[in-house]
Amino acid sequence: MKFVRQSLFFISFLSLYACAQDKNPVNTEHSYELVVSELNNPWGFTFLPDGSMLINEKAGEIIHFKNGKKITIKNVPQVYNRGQGGLLDIKLHPKYESNGWIYITYASSEGTDRGGNTALMRAQLKDNALINKEVLYKATPNTTRGQHFGSRIVFDDSGYLYFTIGERGNRDVNPQDITRDGGKVYRLHDDGSIPDDNPFINDENAKTAIYSYGHRNPQGMAIHPETREIWTHEHGPKGGDEINIISAGKNYGWPVITYGVNYSGTRITKETERKGMEQPLHYWTPSIAPSGMEFISSDKYKGWKGNLLVGSLKFQYLDNCYIEDDKVIRQERLLDGLGRVRSINQGPDGYIYVGIENLGIVKLKKE
């Protein structure tokens with residue numbers, strides 16, 4: 001019993017010490033409303049035109065939340081629910097009201113190799129079931145490793161679809177090799193075909209869906225409301241989480257350059273920059289473990305319009321990043337201590353909605 005008490009004390013001490021490392025101030029001039037309760041891991045969610053929600057539970061369930069009720073969607077793809085893998089992001093086609101397409105990323109075991117890798121599917125919704133399911137992309141090879149599946153989805157103003165896949169824990173091979181999946185941002189047409197101006201379309205043996213490479217595990221992606229550029233964030237190891245602006249064909253450096261170190265504290269590389277590799281717009285040391293990403297473009301939050309919101313899994317808060325000239329000039333903690341922030345969306349009503357593990361989806365208010 002004495003050993004147990006000592007162990008618990010030591011764990012508590014480490015937890016307090018770890019939490020104390022993050023110095024961002026807490027903003028208390030806000031509140032929240034719990035909109036959808038009793039969710040385990042709302043990895044992704046999106047709003048339908050009628051204001052209801054489709055919510056991806058990581059374990060493999062899609063929930064239609066409408067009029068205060070949860071409806072379980074049938075015929076959902078089977079997911080490889082291991083480690084960080086499972087049912088991931090969900091996004092509507094920009095012309096959803098005319099074509100009904102819904103896009104989903106998930107960890108899939110499809111293929112001959114054991115394990116799983118990230119896949120992108122589109123489907124339509126009818127009578128509370130997915131129909132006309134089409135797998136548009138499936139990363140290879142499968143692996144039984146449980147880390148770094150990505151994955152977020154966005155559409156740009158030209159209708160191109162972008163999605164991310166993490167390097168699947170194989171940092172020394174995948175992210176710097178354009179002939180392999182993993183550690184990449186991909187770009188497709190909405191039907192899954194490859195755009196003929198993708199940056200590696202003419203490179204021998206390249207995965208021609210690749211748009212940028214040298215990423216670790218991007219779990220946040222959003223379109224800047226003014227510049228319309230694609231912003232991502234990605235997990236670093238121990239430190240070195242990054243925000244990047246994505247450009248065609250660019251190399252974002254992992255693991256050749258990084259501001260992080262191994263979880264053991266040993267060095268990954270001596271280099272934090274190298275010619276031909278992009279520098280992050282911002283990085284966090286220590287790591288906040290970012291997931292979910294959204295810009296505030298509405299007028300609902302005085303003084304916050306244009307800010308970037310990033311979820312922290314590690315420290316359990318919503319990071320409110322003030323942006324000036326593509327730089328993070330100030331940060332503050334919202335929803336502090338409420339839980340691991342997994343997903344973020346601005347709703348059709350202009351309010352910010354946040355998916356929090358072991359809680360649900362909350363609506364952010366400002367006093």
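Computed from the coordinates by the stated procedures, all read-outs in this text should not be read as laboratory data. Please read all numbers here as calculations on a predicted model, not as lab measurements. With ideal geometry, Cβ positions are generated from the backbone for all residues, glycine too; neighbour counts draw on all protein chains shown.
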Full-extension gain in nm, His189 to Val35, via 0.36 nm per residue minus C-alpha separation
52.0 nm
If r is the Cβ-Cβ distance from Gln279 to Asp50 and R0 is 35 Å, what FRET efficiency results, to the nearest 0.05?
0.20
Under a no-solvent Debye model with one identical scatterer per Cα of segment 85-200, what's log10 I(q)/I(0) at q = 0.12, 0.22 Å⁻¹?
-0.43, -1.27
Counting all C-alpha pairs of the chain, share separated by more than 24 Å (%):
56
Out of the DSSP beta bridges found with both residues in segment 43-284, what percent are antiparallel (nearest 5)?
95
So between Ile131 and Thr144, what do we pick up on full extension, going 0.36 nm a residue minus the alpha carbon distance?
1.8 nm
Label-to-label distance, nm, for residues given as Ile245 and Val173 (7 Å Cα→Cβ offset)
3.5
Output the Cα-based Rg and Dmax of segment 28-138 in Å, rounding Rg to one decimal and Dmax to a whole number.
14.7, 53
Its Cα gyration tensor gives segment 273-336 an equivalent ellipsoid whose semi-axes in whole Å, largest first, are 22, 17, 9
Lys and Arg at +1, Asp and Glu at -1: neighbours of Lys184 with Cβ under 12 Å from its Cβ sum to +2
Suppose each label sits 7 Å from its Cα in the direction of the beta carbon; what would the Asn205-Thr269 distance come out to in nanometres?
2.1
Based on the Cβ-Cβ distance from Asp156 to Asn81, what FRET efficiency comes out when R0 is 35 Å, to the nearest 0.05?
0.70
Check which residues have an amide H placed less than 5 Å from Ile344's amide H, if you skip close sequence neighbours.
Met293, Gly355
In order through segment 161-178: 3J(HN,Hα) via Karplus (6.51 cos²θ - 1.76 cosθ + 1.60), integer Hz, x for Gly, Pro
9, 10, 8, 10, 9, x, 7, 6, x, 10, 5, 7, 10, 6, x, 9, 10, 7
Here the residues of segment 330-347 lying in the modelled label zone of Thr28, meaning backbone nitrogen under 16 Å from a point 7 Å along Cα-to-Cβ, are 333-338
Given charges of +1 on the Cβ of Lys and Arg and -1 on the Cβ of Asp and Glu, with all other atoms neutral, how large is the dipole of segment 250-334 about its Cα centre, in debye to the nearest 20?
180
